[in-house]
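Worksheet: one structure, shown below.
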Amino acid sequence: MSKYRITIEGRTYEMDVELIDGNGAPKAPVSQAQPKAAPAAAPVAAQSAPKQAPAEVTAGTVVAPMPGTVIKIFKNPGDAVTAREVVMILEAMKMENEILAPADGTIASISASIGSTVAAGEALFEVK
């Protein structure tokens, strides 16, 4: 239970607020809901597997990470690119986002044009 004081149109009110779950039942405090297990009780088989090296980034189709408008394109089909080189700029929410080549290769095709509006997940260009 939390206590709050709010002011609406110059009048001050105090209220108690109780957090409930989706069924309308009061939620238990986190400390009660998730008791800590003793470190010695953890079975050996439950240990995490060794971390693997990150997968190599490969050439392929690059999609829009968010909806926006293409405002600049720096490459043309047939141009060589290096990994993480800026290929185009996508404006979204008044911010300019650099769209990078995923790997070394050649621009196979560009699906968007300057001024076009794209949806999240829409293909922008392809690197081979």
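Observations on the structure shown:
- The strands (runs of 3 or more DSSP E) found entirely in region 23-116 include none that carry 3 or more residues being out of contact with any strand residue (DSSP E or B) (no Cβ under 6 Å at 6 or more places or on another chain) and modelled with pLDDT of 90 or more.
- Filtered residue count, region 80-103, keeping only those that are touching a residue at least 24 places away in the same chain (Cβ under 8 Å) and more than 21 Å from S116 (Cα to Cα): 5
The values are calculated or read from the model by the stated rules, or taken from the named source; none is laboratory data. Note that the structure is predicted; figures quoted are calculated from it, not measured. We place every Cβ from the backbone using ideal geometry, glycine too, and count neighbours over all the protein chains shown.
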